[in-house]
């Protein structure tokens with residue numbers, strides 16, 4: 001039997017991810033390490049989307065720009081989270 005993730009609502013939309021991509025609110029009761037794993041995963045996915053957009057036969061500037069914005073957003077969250085973790089441990 002396959003377990004489906006509960007559909008939560010956040011920021012006016014149904015969310016199927018662990019954290020809301022708009023506000024970052026956790027959709028479950030996970031710890032900070034879970035959040036870090038999630039953010040790192042999204043950075044990796046965003047980098048892949050950017051690489052795919054750049055490698056497409058027909059380069060569409062808006063696709064590359066959107067993928068770069070997505071990567072920058074997730075990298076920013078990753079850096080902010082690392083800074084917060086470091087501050088808490090010091």
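Out of (1) in a helix (DSSP H, G or I); (2) more than 10 Å from the chain's Cα centre (by Cα), what's the single condition that is false for residue 74?
Status for residue 74: all satisfied but (2).
Among the candidates 25, 73, which residue alone is touching a strand residue (DSSP E or B) at 6+ places or on another chain (Cβ under 7 Å) and closer than 19 Å to residue 11 by Cβ? Talk me through it step by step, then tell me what you get.
On the way: 73 fails: touching a strand residue (DSSP E or B) at 6+ places or on another chain (Cβ under 7 Å).
Result: 25 is the single residue among 25, 73 that is touching a strand residue (DSSP E or B) at 6+ places or on another chain (Cβ under 7 Å) and closer than 19 Å to residue 11 by Cβ.
Go through segment 1-16 residue by residue and tally those that are at pLDDT below 85 and either out of contact with any strand residue (DSSP E or B) (no Cβ under 9 Å at 6 or more places or on another chain) or assigned to a helix (DSSP H, G or I) (or both). Don't jump to the end; show me each part of the working.
Within segment 1-16, the first condition is being at pLDDT below 85, and the residues that meet it are 1-9, 15-16.
From what is left, the residues that are either out of contact with any strand residue (DSSP E or B) (no Cβ under 9 Å at 6 or more places or on another chain) or assigned to a helix (DSSP H, G or I) (or both) are 1-6.
Residues that pass the stated criteria total 6.
For (1) surrounded by 12 or more Cβ atoms within 10 Å (Cβ to Cβ); (2) in contact (Cβ under 8 Å) with a residue 12 or more places away in the chain; (3) part of a helix (DSSP H, G or I), each residue gets a yes or a no:
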| site | (1), (2), (3) |
| --- | --- |
| 24 | yes, yes, no |
| 36 | yes, yes, yes |
| 50 | yes, yes, yes |
| 62 | no, no, yes |
| 85 | yes, yes, yes |
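The values are calculated or read from the model by the stated rules, or taken from the named source; none is laboratory data. Computed from a predicted structure; not experimentally measured. All Cβ positions, glycine included, derive from the backbone under ideal geometry; neighbour counts span all protein chains shown.
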